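For reference, the structure is listed below as structure tokens.
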Amino acid sequence: MEVTFYKTFTTIFGLLVGSFLNVLIHRIPLKENFVIDRSRCPKCNYQIKWYENLPVISYIFLLGKCRNCKTSISFRYPLVEMITGFVAFLLFPKVLNYSHAASSLLYFSIFCALLVHFFIDLKHKILPDGINIYLGICFFVLAVTKYHYMHWLVGGLIGFLFPLGVTYLFYILRNQVGLGGGDIKLFGVLGLFLGPIGIIHNILFSCILGSVIGLPLMAFKIIDRKTAVPFGPFIIIVAIAQIYFPEFFKSFVSLIF
């Protein structure tokens with residue numbers, strides 16, 4: 001009975017968190033207040049009622065359209081809610097063990113911040129400083145409690161300075177900006193937790209993943225060399241694999257090297 005209660009509670013909690021993350025994803029790039037202002041349709045400005053804003057359920061009953069103007073609602077909304085609900089469901093055994101509750105919630109909040117980063121960069125091609133700062137604080141807390149200071153210090157320096165140097169060199173040689181400032185900062189904060197080897201792996205596999213996806217898009221003329229492709233999602237996908245599936249990632253790396 002207790003296990004069922006926690007399964008249900010943590011899943012509902014995850015769905016509600018996902019609903020709030022959607023608010024952040026929409027409003028942060030527009031510099032809108034995400035605490036006080038009520039949710040509105042971005043097309044007709046219709047103020048969304050609470051029962052029209054229930055995670056996943058409202059999307060289904062509204063058939064994915066605004067009740068007022070019938071504009072299609074992005075599938076990103078239920079997708080984010082389902083992802084966070086599922087991740088919270090996976091966390092419930094750790095939450096039952098109260099000694100792991102704090103670390104589980106911290107890892108969950110990191111995942112949520114990475115998810116917000118992912119979708120903002122995907123649409124707007126920016127990685128907001130506020131989220132990078134939050135991630136930096138979380139990773140620093142985890143790193144200080146888990147690793148020797150050289151791990152997070154050197155990892156953070158490599159994560160920030162190496163991409164910065166490559167970007168500067170790329171600009172000198174081709175007069176183009178290779179990486180955005182948000183990408184460089186994200187590498188830096190990830191380096192705090194991943195350490196020297198981990199952040200080098202992240203940089204390497206982010207580039208590989210970007211090439212695997214980008215080259216076919218260029219081959220089919222969906223994009224060209226001048227198209228700005230957000231790099232943050234590739235960094236985040238690799239980071240999630242490293243942070244939440246470390247044994248799988250290490251096994252994958254050992255197969256290649």
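Take the residues of the stretch 31-90 that are aromatic (Phe, Trp, Tyr) and part of a helix (DSSP H, G or I): which is nearest to residue 129 (Cα to Cα)? Before you say what the answer is, go through the steps one by one.
Restricting attention to the stretch 31-90, the residues satisfying the condition of being aromatic (Phe, Trp, Tyr) are 34, 46, 50-51, 59, 61, 75, 77, 86, 89.
Applying the additional criterion that residues be part of a helix (DSSP H, G or I) yields 50-51, 59, 61, 77, 86, 89.
Values: 50: 31, 51: 33, 59: 31, 61: 36, 77: 23, 86: 27, 89: 29 Å.
The qualifying residue nearest to residue 129 (Cα to Cα) is 77.
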Check: Within the stretch 181-197, is there a residue that is in the same structural domain as residue 228 (by TED's automatic domain parsing), surrounded by fewer than 24 Cβ atoms within 10 Å (Cβ to Cβ), within 23 Å of the chain's Cα centre (by Cα) and more than 22 Å from residue 241 (Cβ to Cβ)?
Finding: yes
Notebook entry, point to check: How many of the residues making up the stretch 123-140 are surrounded by 15 or more Cβ atoms within 10 Å (Cβ to Cβ) and not polar (S, T, N, Q)?
Noted result: 11
Item checked: Top-ranked residue in the stretch 53-86 [being under 27 Å from residue 113 (Cβ atoms) and among the charged types (D, E, K, R); ranked as surrounded by the fewest Cβ atoms within 10 Å (Cβ to Cβ)] -> 76
Notebook entry, point to check: Counting just the residues of the stretch 210-243 that are modelled with pLDDT of 95 or more and farther than 15 Å from residue 122 by Cα, which one comes out surrounded by the most Cβ atoms within 10 Å (Cβ to Cβ)?
Noted result: 239
Checklist line | Residues within the stretch 215-239 that are assigned to a helix (DSSP H, G or I) and either touching a strand residue (DSSP E or B) at 6+ places or on another chain (Cβ under 6 Å) or within 26 Å of residue 131 (Cα to Cα) (or both), tallied | finding: 8
Margin query: Conditions first: (1) touching a Pro at 6+ places or on another chain (Cβ under 6 Å); (2) outside any helix (DSSP H, G or I). Residue 154 passes all but one, so which condition is the exception?
Written below: (2)
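Within the stretch 41-56, which residues are of a type in the set (A, V, I, L, M, F, W, C) and under 14 Å from residue 22 (Cβ atoms)? Before the answer, list the steps.
So in the stretch 41-56, the residues of a type in the set (A, V, I, L, M, F, W, C) come out as 41, 44, 48, 50, 54, 56.
Hits for the stretch 41-56 are 41, 48, 54, 56.
From the list 182, 188, which one is touching a residue at least 60 places away in the same chain (Cβ under 8 Å) and in a helix (DSSP H, G or I)?
Values: 188 fails: touching a residue at least 60 places away in the same chain (Cβ under 8 Å).
Answer to the check: 182.
The values are calculated or read from the model by the stated rules, or taken from the named source; none is laboratory data. Note that the structure is predicted; figures quoted are calculated from it, not measured. For neighbour counting, all protein chains shown are included, and Cβ atoms are generated from backbone atoms with ideal geometry for every residue, glycine included.
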